[in-house]
Structures are given as C-alpha cells and as structure tokens.
Amino acid sequence: MGNVTVVSHPLIQHKLSILRDKSTSSKDFRELVKEIAMLLCYEATRDLPLKDVEVETPMCKATFKKISGKKLAFVPILRAGIGMVDGMLALLPSARVGHIGMYRDPATHKPVEYYCKLPADVNERDVIVLDPMLATGGSAIDAISQIKKRNPHSIKFIGIIGAPEGLEALQSAHPDIDIYLAALDEKLNENAYIIPGLGDAGDRIFGTK
Ligand code: PRP
Ligand code: URA
C-alpha cells in the first residue's frame, strides 16, 4: 500500500488557513496555492535519487550531491490543478507538464474527461498528479487510470485538501500510489463538497463565480 502523508508543517497550516478564508481574493488565493504546492513538492520529492559530483569551491575540490537525472512529469487535473504547476516548476524546472481535463457532473458528481495530453515519453517518467481537492476521489482515480495506460515508472498524487471518503476511494482504486495532502478534512456535504474545505477551488483560482 502506498503511503499517505499529511504535511502539517506550520508554514503550510498558516497558508492553508488564509486559503480557506472566503474573503481571500483570487490574486492571494493563486499565490497561496502556488506556495503550498511548492512546500508539498519539497516533501513529495524526498526520495529523489542523488549522484556524486565533484565541485571546486573557492577553497578546494570536494565531492557533493546532485539530483541524478530523474525524469519527472507533473500532470495537473484541469482546471484547479493548474494553480499548483508553477510552484512545482519553481523547484523542478526541467519537469515536463501533461494536462488532464475533467469536470464533475453536477448531478452525479462523477468526473467527465474532456482533455488529455501527456508527454510523449511519459512511460520513462515518474509522474506527479496535481489537484488541490480530493473530494469523492473520482477525478483523481480516473486521471490516474488514464495515466497508468501509458505505463509511467511511478505515480504520486499531491493534493491540498482531502476528504476521508476521497482518500479511502483513491487508496482502494490505486493502492500503489503515494498520496501527499496539506490537510485531511472532516467530511463531504450532500453536494460532494469538502467540509470545512475552501469552496470551489477552480472558481476561486480563476474568479469564475
Ligand atoms: C474539482 C477539483 C477536482 C474535483 C474533485 O474540479 O478541482 O478536480 O472537483 O472532486 P472529486 O474528488 O469528487 O472528483 P471541478 O469538477 O469543480 O472542475 P474545475 O476544476 O474545472 O472547476
Ligand atoms: N471540488 C472543489 O473545488 N471543492 C470541493 O470542496 C469539492 C470538489
């Protein structure tokens, strides 16, 4: 079974409390999503392999470490996952970026896929799927099923807020993936929104409501 890590660093908790606040502007919301994604990326990449490199400091030559040519791909689930990409790329600028478009049918709450473009060599890459909200888990489950058809080396999921129902569903559908969240909230409401949550992440990022 993959690991579930709820990253409760004080910086993340502080930023997440501002993110949740309904009076936070779209501009600040986007900046916070980016910063939280960066902090989650730091945690989710703890296992990146390193190689020895020789460096000449102003004092002498010595052997140090660099990341050993790991091939990564970030795959945001549209729309809201887009808000996390810049934070991830700030730390790992050479990663490739794929996109999967999904929206939840308002009546059934089931995801409907409308777009999928992954890097051509995704089968040689370690993929990190990005979506701020893991509610029923349907969007993440379907996105990961799509990506698995292309046989990547590995898949991780980074979200900001998860609901217990979505986490359980994702773990049972894809028991092999590691999951990173900034918070695990209480429950879903009757419309499958996370409580207390932060409302509709896509609308808050793009100001569409
Ligand atoms: C939101 C969110 C996730 C999904 C989570 O997207 O960004 O993709 O819901 O819900 P689930 O776990 O129940 O599938 P939404 O469908 O609102 O689309 P949007 O990002 O385009 O607004
Ligand atoms: N999608 C969101 O954007 N927010 C929720 O609470 C649930 C699904």
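The values are calculated or read from the model by the stated rules, or taken from the named source; none is laboratory data. Since we're looking at a predicted model, the values are computed, not measured. Neighbour counts are summed over all protein chains in view; Cβ atoms, including those assigned to glycine, are modelled from backbone coordinates with ideal geometry. Note: areas computed on protein heavy atoms with side chains; ligands, DNA, RNA excluded. Shrake-Rupley method; radii C 1.70, N 1.55, O 1.52, S 1.80 Å.
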| field | Cleavage-rule hits, GluC sites (Glu not before Pro), the range 105-209, DSSP coil, Cβ neighbours within 10 Å at most 11 | value | 186, 190
| remark: Percent relative contact order for the chain, counting Cα pairs under 8 Å at least six residues apart, stands at 24 percent
| Using alpha carbon centroids, what distance separates the range 49-108 and the range 128-207, in Å? | 19 Å
| Along principal axes, Cα extents of the chain, largest first, whole Å | 64, 39, 30
| task | Send over a whole-number figure in Å² for the accessible area per residue of the chain, probe 1.4 Å. | result | 52 Å²
| note | Among 38, 59, 88, the residue with the largest mean-square fluctuation in a Gaussian network model of the chain built from Cα contacts under 10 Å is 59
| task | Amide H neighbours of residue 74 under 5 Å, at least 5 residues apart or on other chains, H built in the peptide plane: list them. | result | 96, 97, 98, 128
| request: Would you compute, from DSSP H runs of 4+ residues alone, the mean residue ellipticity of the chain at 222 nm, taking -39500 (n - 2.57) per run and dividing by the full residue count, rounded to the nearest 500? | output: -9500 deg cm²/dmol
| said: Give me the percent of accessible area attributable to carbon and sulfur for the range 4-79, probe 1.4 angstrom. | reply: 54 percent
| query | What is the antiparallel percent of DSSP beta bridges lying wholly in the range 89-158, to the nearest 5? | reply | 55 percent
| query | Over the range 62-209, what is the percentage of antiparallel beta bridges among all DSSP beta bridges, to the nearest 5? | reply | 30 percent
| task | Just tell me which aspartates and glutamates come within less than 19 Å, Cα to Cα, of residue 117; anything on the same chain fewer than 8 places away is out. | result | 86, 126, 131, 142
| task | Give me the aspartates and glutamates in straight-line cross-link reach of residue 66: C-alpha distance below 12 Å, same-chain residues under 8 apart excluded. | result | 52, 54
| note | Too long for a 27 Å Cα-Cα cut-off, among 34/70; 51/156; 15/110; 110/149; 70/148, are 15/110
| said: Taking the Cα centre as origin and putting +1 on Lys and Arg beta-carbons and -1 on Asp and Glu beta-carbons, what dipole magnitude results for the chain, to the nearest 20 debye? | reply: 480 debye
